[in-house]
Amino acid sequence: MNRAVTKQSKPSDSSSAKQTRFSPFAFLRTTAFRAWVVPCGFVGGLSVSIYIALRFVDFSQGDGTIPFSEVVFLSNPDDVGDAIGGVAEVLIAILGLVITVVAIVVQLAAQRYTPKLVELFIADRVNISYFVLMVVASLYSMMVIYSTTSGFLPFWGSLALLGMTTVILSLLIPYFNYVFHFLTPGNFIRIIRHNAKSAMQKVLKTKAKTEEVRRLQTDVANSMEQISDICLSAVSQMDRNVALMTVRSLKDVMVDHLLMKRRMPRRWFVPNKEHFPAISSDFIHELYVGRNWVEMKGFLDMELIFKMAIRDTPDAVSAIANSTKIIGLYAIKLKDNQVLHDVIQFFNTFLRHAVNARNPKAIYNLFYQYRMLAEEVLVVDRRLAERIAFYFKYYGQIAQSYNIPLILITASFDLAHLLRRAYEMQVPNINTLMDTFLEVDDNPATQANEFDLRSVRKAQLMFASFLLSQGDDELIHRIVDDMKVEPQSRMEAVRQEMLAVKDRKFWEVTDRGVDFFYMDDEQKHYLNEFFTRFIEPQFAQPEPQLRVQRG
């Protein structure tokens, strides 16, 4: 048996050895080779080729007394000093030109996105290396000039200077390409996110002291603040793409922390008051107990972005809603109940801001992401799912009291989707969820609004049709009892309106892409059966009996 295991393990070992075997040509396929070596080699090779070709033309027109190798490679010692002086001037001029151009471009980018961009640029190794190379070459050229006399030619020193100058000039084009690529929003946002992740990984890899942990905490907090500042600047300038990238990056930092936090030392979860200047000491203590200061900082930054973006940048609002849902899904997967409760709390906070701003589109998108999260919450915490259902009803009714159209309708249909999911899962608290669903229209504002009242009833009738298809008479009777107060004219009008919807998609573009009131033929069949079995009989009162009562 052991031999069999050994034989089976050999192919995997050999395959892994093949994968890790060093290839001398692997570098030729890297991005660094294509970005630096190829253009540098092309420029340098083209210059050398032109030089040799023209020297060959000059040699062919000469008397032939001097060998071609001397024509190409040798120089007059008396002219070397002057030539080296010109090279030194060229190097210093290039250094000044590069510094000027780079300083202007970096400053313009920093003004548009974030002043922290200057720090990132200065700390970048490629920028440091190229400037060091130019400064060293300039100083070295001055030393070669000093050491050159009429009786002594520093041949190898001059040749090295020529080589350094050639490399610097050849790297000029790829370096400017690197600078402009570095200053693209996607690149430096990626660098900031990488810095935050690296700081968290350092906490895991090293047994850091308290001072070191504090420094790494500051690195993570500063990275998140930099991303938030870039997003706020993008929102103020209505730069949609940058705003979306920054929101996703902020979410990625929070997810990175969720994936690592179980292995973090205890001292990492002691929050720094400087990173939360606007919250109380009690809140700081709650962050320590909940071990969630990174997630809370990210959510607070998202809230700041949300309040700024809700007016003019709806895509950023949708990105924040989607990112919040994703963080909640990771919290469910990793069984981080504290972060899951934070996600729900901030979903409610975002809904409150959207209601106060009278922004139906924002509420519409928040409900959609919130409902998808609630469907997953049903699996792990049914009581929490009950609370989310209540929040749907609450904010739907609040929006109606603020005269925000269609929001109560959206809440009703999302609750219907959630109930259907709960029924399919056979959750034991389906009756409690049903109570919340049937209470959506139990307020004076809904009763006074005919369109909203009919729409809520449509959502309830669609769920009743689904229950009828499943043969569940118990829950159906709960819906029937709730509808007994409705007049026959309204119920018949609702029925006809639901049967009249033929197209699955609404005739205008919507975010969800589906008409709320659409039912396929099978659902319409069960709708008619529901009316025939439960609704119509309650209106079929004997006429003679009514006359006797009147008499």
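The values are calculated or read from the model by the stated rules, or taken from the named source; none is laboratory data. Keep in mind that what you see is a predicted model, and the values were worked out from it rather than measured. Using ideal geometry, Cβ is built from the backbone for each residue, glycine included, and neighbour counts are taken over all protein chains shown.
Please find, within the stretch 347-374, the residue that is farthest from the chain's Cα centre (by Cα) out of those that are of a type in the set (D, E, K, R) and surrounded by fewer than 17 Cβ atoms within 10 Å (Cβ to Cβ).
Arg358
Mind checking which pairs have a first residue in the stretch 110-137 that is under 17 Å from Met164 (Cα atoms) and of a type in the set (Ser, Thr, Tyr) and a second that is modelled with pLDDT of 85 or more and in a helix (DSSP H, G or I), Cβ under 6 Å, 6 or more apart or different chains?
From residues that are under 17 Å from Met164 (Cα atoms) and of a type in the set (Ser, Thr, Tyr), the pairs are Tyr130/Tyr175.
Residues are listed down the side, and each one gets a yes or a no for (1) aliphatic (A, V, I, L, M); (2) closer than 20 Å to Tyr395 by Cβ:
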{"residue": "Val427", "(1), (2)": "yes, no"}
{"residue": "Met434", "(1), (2)": "yes, yes"}
{"residue": "Asp441", "(1), (2)": "no, yes"}
{"residue": "Leu453", "(1), (2)": "yes, yes"}
{"residue": "Ala459", "(1), (2)": "yes, yes"}
{"residue": "Ala464", "(1), (2)": "yes, no"}
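Just name the residue that is surrounded by the fewest Cβ atoms within 10 Å (Cβ to Cβ) out of those in the stretch 471-487 that are touching a residue at least 24 places away in the same chain (Cβ under 8 Å) and more than 25 Å from Glu450 (Cα to Cα).
Selected residue: Asp472.
Can you name the condition, by its number, that Pro271 falls short on among (1) crowded, with 23+ Cβ neighbours inside 10 Å; (2) more than 23 Å from Glu386 (Cα to Cα); (3) modelled with pLDDT of 95 or more?
Single failed check for Pro271: (3).
Assuming Ala411 fulfils every condition listed in (1) part of a helix (DSSP H, G or I); (2) farther than 26 Å from Ser469 by Cα apart from one, which condition is it?
Status for Ala411: all satisfied but (2).
Right, Ser198: in a helix (DSSP H, G or I) and within 22 Å of Leu329 (Cβ to Cβ) or not?
For Ser198, the condition - in a helix (DSSP H, G or I) and within 22 Å of Leu329 (Cβ to Cβ) - is not met.
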